[in-house]
Amino acid sequence: MQVSVETTQGLERKLTISVPAESVDVEVKNRLRHISKTQRINGFRPGKVPATVIQKRYGQSVRQEVAGELMQRNFVDAIVAEKMNPAGRPSFIAKSNEDGKALEFEATFEVYPEVTLTGLDSINVERPDVEVTDADLDEMFITLQNQHKTWKENKRKTKAGDKLVLDFTGRVDGEVFEGGEAKDFELELGAGRMIPGFEKEITGMKAGDEKTIKVTFPDDYHAENLKGKEAEFDIVLHKTEGPVLPTIDEDFAKLFGVQEGGVEALRTEVSTNMTRELTQAVKAKVKEQVIEGLLAANDVEIPKALIAQEIDVLRKQAMQRFAGQMDLNNMPELPADMFEEQAKRRVKVGLLLGEVIKVNELKVDENKVNELIASAASAYEDPKEVIEYYATNKELNQQMQNVALEEQAVELLLESAKVNKKNASFKDIMNPEGK
């Protein structure tokens, strides 16, 4: 086998490989000989078909089959000999494939880039200094109460949090527009379901009131014919209901599966869950900053083949999220450019973290794997069952090992980064945009 290597552009390489004629011809003859013993051809007894007939009927297809296998086999031998690391599958072009002549072919492919890590000490990280306070816990209990609230009809003026039943008729330029009418429409004030100004204008009304309000559709409204338009709505308010929050007592605790210990046991459980979520959120924020710093300090060329593979992964994940909402068989394939930037980033991060792992010879810390599994399991009713499931599911266990190894790489990068603590609240971390 003779091999020549050419750099075409960027990470693309072209190998020109020549396989001696005798290696090809011997393999072709052996396969044709086997065919002659097994094939039934009219006019000839089994095993007695002349070689010329077998050659004429099967020679070309057999040679193509042999060439394909030899190209794959010799390509692997060539990249091992040349110490090359392909990214993605090669494309083969046979330049010469004739009886009695050497098989010559070209293999074009991309290689992984050479990564040299720099600027690790220039990474800046603000680590949130935060814990779950009693005030955070009290606010969470209000949220839990709201999740189990009931409604009671009232005759007072409406306010935020009330549920209304109303009719409305909307007009633009004096004409009722499509979708502008509703009967017995249920609306919770403060939920933000309506266009800006609508809820504010009907706040303070009472059951039985009628009112005409004026609002303006936002410039980015989904209906083109209504963007930026002023509208009038005739409102008829039929019924108003105010929220009734459940009392925080032993029965309330039982709503969340706490059968013993009452409110104190529930507070302990909720606090534990909040602390777990907060810890994960802080870890994610620190990791995000480390990754951003790593990307900013290191530019790396990305193989197109890896981007294409990552786009396929992201596309499949998106399709899975749509499952149950629509018929996926009739849904067009999502365009690649929807995922391209995200795919590029993920590939680049993978290459850089992979280099951190390789350079520092990091191995999976089984203790960290067990900690991660235990943390994930603690969110379930029976953690022991979840831990046992991870132990018996190789794919899930491997995924957790990959997560652990990535975390180890991030922790190592943190050792050389500039890390400053910053006071933060539970809300800052868990609800940074105030939503």
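The values are calculated or read from the model by the stated rules, or taken from the named source; none is laboratory data. Keep in mind the model is a prediction, meaning the values are calculated, not measured. No Cβ is skipped: glycine too gets one built from the backbone with ideal geometry, and neighbour counts run over all protein chains shown. The area values use the complete protein model at the heavy-atom level, side chains included, leaving out ligands, DNA and RNA. Shrake-Rupley method; radii C 1.70, N 1.55, O 1.52, S 1.80 Å.
Check region 74-86 and report whether any residue there is at pLDDT below 90, open to solvent by less than 70 Å² (accessible area, probe 1.4 Å) and either in contact with a strand residue (DSSP E or B) (Cβ under 9 Å, 6 or more places away or on another chain) or of a type in the set (A, V, I, L, M, F, W, C) (or both). Give the derivation first.
Here is the first cut: in region 74-86, the ones at pLDDT below 90 are none.
Within region 74-86, not a single residue is at pLDDT below 90, open to solvent by less than 70 Å² (accessible area, probe 1.4 Å) and either in contact with a strand residue (DSSP E or B) (Cβ under 9 Å, 6 or more places away or on another chain) or of a type in the set (A, V, I, L, M, F, W, C) (or both).
So is Gly100 on the phi > 0 side of the Ramachandran plot and not in a loop (DSSP other than H, G, I, E, B) or not?
No; evaluated as a whole, the condition is false for this residue.
Scanning region 132-178 for residues that are among the acidic types (Asp, Glu) and open to solvent by less than 70 Å² (accessible area, probe 1.4 Å), which turns out farthest from Ile248 (Cα to Cα)?
Kept after step one, since they are among the acidic types (Asp, Glu), are these residues of region 132-178: 134, 136, 138-139, 153, 162, 167, 173, 175, 178.
Now restrict to residues that are open to solvent by less than 70 Å² (accessible area, probe 1.4 Å): 136, 162, 167.
Working: Asp136: 16, Asp162: 21, Asp167: 36 Å.
Among those that are among the acidic types (Asp, Glu) and open to solvent by less than 70 Å² (accessible area, probe 1.4 Å), it is Asp167.
What are the pairs, 6+ residues apart or on separate chains, where a residue within region 159-170 that is free of Cβ contacts under 8 Å to residues at least 40 places away in the same chain and under 14 Å from Gly204 (Cβ atoms) has its Cβ under 8 Å from a residue that is part of a strand (DSSP E or B) and open to solvent by less than 20 Å² (accessible area, probe 1.4 Å)?
Final answer for the pair search is none.
Conditions (1) modelled with pLDDT of 90 or more; (2) within 24 Å of Ser122 (Cα to Cα), marked per residue:
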residue	(1), (2)
Gln320	no, no
Val356	yes, yes
Asn367	yes, no
Ser375	no, no
Ala379	no, no
Gln408	yes, yes
Leu413	yes, yes
Ala424	yes, yes
Pro432	no, no
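Residues of region 184-194 being buried (at least 16 other Cβ atoms within 10 Å of the Cβ) and either more than 15 Å from Glu153 (Cα to Cα) or more than 35 Å from the chain's Cα centre (by Cα) (or both), which ones?
Met194
Across region 298-308, which residue is surrounded by the fewest Cβ atoms within 10 Å (Cβ to Cβ) among those that are touching an Asp or Glu at 6+ places or on another chain (Cβ under 9 Å) and of a type in the set (A, V, I, L, M)?
Among residues in region 298-308 that are touching an Asp or Glu at 6+ places or on another chain (Cβ under 9 Å) and of a type in the set (A, V, I, L, M), the one surrounded by the fewest Cβ atoms within 10 Å (Cβ to Cβ) is Val300.
Identify, from the list Asn329, Asn273, the residue that is assigned to a helix (DSSP H, G or I), at pLDDT below 95 and either open to solvent by 70 Å² or more (accessible area, probe 1.4 Å) or within 30 Å of Leu120 (Cβ to Cβ) (or both).
Asn329
Being touching a Lys or Arg at 6+ places or on another chain (Cβ under 9 Å) and more than 27 Å from Glu22 (Cα to Cα) is the filter; apply it to region 87-100 and report the residue that is most open to solvent (accessible area, probe 1.4 Å).
Going through the qualifying residues, I end up with Gly88.
Take Glu340 and tell me if it is in contact (Cβ under 8 Å) with a residue 12 or more places away in the chain and loosely packed, with under 14 Cβ neighbours inside 10 Å.
No; evaluated as a whole, the condition is false for this residue.
State yes or no: is Val176 within 30 Å of Asn146 (Cβ to Cβ) and either among the hydrophobic types (A, V, I, L, M, F, W, C) or in contact with a strand residue (DSSP E or B) (Cβ under 9 Å, 6 or more places away or on another chain) (or both)?
So Val176 does not fit the description; no.
Considering (1) in contact with a Phe, Trp or Tyr (Cβ under 9 Å, 6 or more places away or on another chain); (2) over 30 Å from Asp167 (Cα atoms); (3) among the hydrophobic types (A, V, I, L, M, F, W, C); (4) not in a helix (DSSP H, G or I), say which one Val236 fails and leave the rest.
The one condition Val236 does not meet is (2).
Could you list, in sequence order, the residues of region 106-121 that are part of a helix (DSSP H, G or I) and open to solvent by 60 Å² or more (accessible area, probe 1.4 Å)?
Answer for region 106-121, where residues must be part of a helix (DSSP H, G or I) and open to solvent by 60 Å² or more (accessible area, probe 1.4 Å): just Asp121.
Have a look at Val286, Val263, Val300 and point out the one that is within 30 Å of Asp129 (Cα to Cα) and either touching a strand residue (DSSP E or B) at 6+ places or on another chain (Cβ under 9 Å) or part of a loop (DSSP other than H, G, I, E, B) (or both). Working first, answer last.
Numbers: Val263 fails: either touching a strand residue (DSSP E or B) at 6+ places or on another chain (Cβ under 9 Å) or part of a loop (DSSP other than H, G, I, E, B) (or both); Val300 fails: within 30 Å of Asp129 (Cα to Cα).
After applying the criteria, what remains is Val286.
Go through region 162-190 and count every residue that is assigned to a loop (DSSP other than H, G, I, E, B) and farther than 22 Å from Gly228 by Cα.
Residues flagged as assigned to a loop (DSSP other than H, G, I, E, B) and farther than 22 Å from Gly228 by Cα within region 162-190 amount to 3.
What is the number of the single condition among (1) modelled with pLDDT under 85; (2) open to solvent by less than 30 Å² (accessible area, probe 1.4 Å) that Lys48 does not meet?
Unmet condition: (2).
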